[in-house]
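Working notes, structure below.
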Amino acid sequence: EVKKRGKNDYEFYSEELDVFLREKIVLEDDLRKAIERNELHIHYQPQISTAHNRITGVEALVRWNHPTKGEIQPGVFIPIAEEAGIIFEIGSWVLREACSQMRKWHDAGGPLIPVSVNLSSQQFHHLNLPKFIRQILEETGLKPEHLNLEITESMMMDATVSTTILQELSEYGVRFSLDDFGTGYSSLGYLRQFPIHKLKIDRSFITDITMNKHDQAIVATIISMANHLQLDVIAEGIETQEQLDILMSNDCKEIQGYYFSRPLPAAEVQELLFAHAKTEQTS
Ligand code: C2E
Ligand code: MG
Ligand code: MG
Ligand code: MG
């Protein structure tokens with residue numbers, strides 16, 4: 001397709017690329033200052049037990065409120081932060097903020113719930129990751145069992161994730177979930193090799209599940225495998241009652257998705273949590 005283009009198109013393309021690269025450099029620079037300027041915040045998406053329709057935890061999803069560009073999604077700026085080598089700072093901020101938010105909800109009389117935090121592979125290159133996480137948990141008084149770290153299959157493939165670090169954190173009590181499960185170079189050997197507690201079925205298998213028999217079969221297989229391996233399993237990206245019905249008929253015990261709630265600012269999740277706690281007391 002590229003070959004069909006004329007010379008001028010190439011020039012146009014390279015100009016476009018130039019603009020793109022320059023914009024990226026500017027974003028990189030802005031991102032370095034984002035933490036101290038308080039431009040980062042976290043939205044929390046509830047995770048729901050299908051049997052009780054109860055909030056079992058939340059996933060912390062970082063957002064960037066850029067001073068001129070408005071809200072920028074993590075899909076855009078996390079890869080930039082990784083490339084620019086500033087993901088450790090951002091990741092550390094997210095970890096501390098998310099853990100202290102759980103503590104605040106509990107202190108305000110809410111339930112103590114686990115928080116899931118996404119990790120980048122570069123955060124494993126810092127040898128003091130276990131020490132750092134220990135510090136945050138001590139600071140915030142959150143139990144290690146209430147911190148769920150989300151890693152991906154591809155991170156384990158790259159061998160960037162050290163088994164020693166996972167083991168150390170796992171022995172301390174921190175949990176690990178395998179995010180976007182089924183989309184990486186899944187090798188089931190990893191499930192034995194690494195201390196994984198939960199599989200997170202990727203949204204791409206859920207999107208068309210009501211129509212697509214293959215996706216139904218894959219999801220059923222993942223859930224059954226997880227049960228056999230005594231791993232927890234959660235499905236992400238549930239948007240409709242029909243999708244939920246299929247998951248429940250496959251014995252999926254936990255879900256996350258717009259059907260129940262979008263990722264929300266802390267104050268709004270707090271309302272959900274407290275309303276939940278009340279109905280449970282009265283029922
Ligand atoms: P993820 O960890 O797989 O997170 C799930 C993404 O799916 C989130 O997008 C969430 O808003 C979206 N989602 C949840 N339910 C639904 C649904 O029902 N329908 C649809 N269409 N989407 C749904 P988000 O917040 O834009 O995050 C994108 C990705 O950015 C995350 O994917 C994660 O890989 C990464 N990310 C987010 N926060 C962090 C962070 O603090 N650190 C790192 N390293 N990565 C992060
Ligand atoms: Mg995740
Ligand atoms: Mg995911
Ligand atoms: Mg995903």
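A few points about this structure:
- Residue among MET102, MET156 that alone is assigned to a helix (DSSP H, G or I), under 30 Å from SER204 (Cα atoms) and either open to solvent by 30 Å² or more (accessible area, probe 1.4 Å) or at pLDDT 90 or above (or both): MET102
- Residue among GLU28, GLU23, GLU39 that is open to solvent by 80 Å² or more (accessible area, probe 1.4 Å), of a type in the set (D, E, K, R) and either over 30 Å from GLU254 (Cα atoms) or modelled with pLDDT of 90 or more (or both): GLU23
- Residue, farthest from ligand 3 (Cβ to nearest atom), within segment 182-218, restricted to residues that are surrounded by 15 or more Cβ atoms within 10 Å (Cβ to Cβ) and basic (Lys, Arg): LYS198
- Residue list for segment 146-202, restricted to those being of a type in the set (Asp, Glu) and away from ligand 1 (no atom under 16 Å from the Cβ): GLU168, GLU171
- Considered as a group, the residues in segment 193-208 that are in a loop (DSSP other than H, G, I, E, B) and within 14 Å of CYS252 (Cα to Cα) include one that is nearest to ligand 2 (Cβ to nearest atom), and that residue is ASP202.
- Considering segment 22-77, and only residues there that are of a type in the set (D, E, K, R) and in a strand (DSSP E or B), the residue that is farthest from ligand 1 (Cβ to nearest atom) turns out to be ARG54.
- Being within 16 Å of ligand 3 (Cβ to nearest atom), farther than 18 Å from GLU82 by Cβ, at pLDDT 90 or above and open to solvent by 20 Å² or more (accessible area, probe 1.4 Å) is a property that SER116 lacks.
For (1) under 18 Å from the mean Cα position of the chain (by Cα); (2) touching a residue at least 24 places away in the same chain (Cβ under 8 Å), each residue gets a yes or a no:
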residue	(1), (2)
ASP107	no, no
HIS126	no, yes
LEU142	no, yes
MET155	yes, yes
ILE165	no, yes
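- Within segment 83-99, the set of residues being open to solvent by 30 Å² or more (accessible area, probe 1.4 Å), of a type outside the set (A, V, I, L, M, F, W, C) and modelled with pLDDT of 95 or more comprises ARG96, GLU97.
- Tabulated pairs, segment 241-252, first farther than 15 Å from MET211 by Cβ and modelled with pLDDT under 95, second part of a loop (DSSP other than H, G, I, E, B) and acidic (Asp, Glu), C-beta under 6 angstrom, 6+ apart or interchain: none
- If you filter segment 64-82 down to residues that are within 16 Å of ligand 3 (Cβ to nearest atom) and surrounded by 16 or more Cβ atoms within 10 Å (Cβ to Cβ), you find that the one that is farthest from GLU271 (Cα to Cα) is ILE78.
- Condition broken by LEU142, with the remaining ones in (1) surrounded by 15 or more Cβ atoms within 10 Å (Cβ to Cβ); (2) out of contact with any helix residue (DSSP H, G or I) (no Cβ under 9 Å at 6 or more places or on another chain) satisfied: (2)
- Within segment 219-271, the set of residues being open to solvent by less than 60 Å² (accessible area, probe 1.4 Å), under 30 Å from GLN193 (Cβ atoms) and in a helix (DSSP H, G or I) comprises VAL219, ALA220, ILE222, ILE223, SER224, MET225, ALA226, LEU247.
- Failed item, numbered, when LEU166 is tested on (1) in contact with a strand residue (DSSP E or B) (Cβ under 7 Å, 6 or more places away or on another chain); (2) closer than 30 Å to SER187 by Cα; (3) at pLDDT 95 or above: (3)
- Selection status of LEU142, in a helix (DSSP H, G or I) and among the aliphatic types (A, V, I, L, M): no
The values are calculated or read from the model by the stated rules, or taken from the named source; none is laboratory data. These numbers come from a predicted model, not from an experiment. Ideal geometry is used to build each Cβ from the backbone, glycine not excepted, and the neighbour counts take in all protein chains shown. Note: accessible area is taken over every heavy atom of the protein model, side chains too, but ligands, DNA and RNA are not part of it. Shrake-Rupley method; radii C 1.70, N 1.55, O 1.52, S 1.80 Å.
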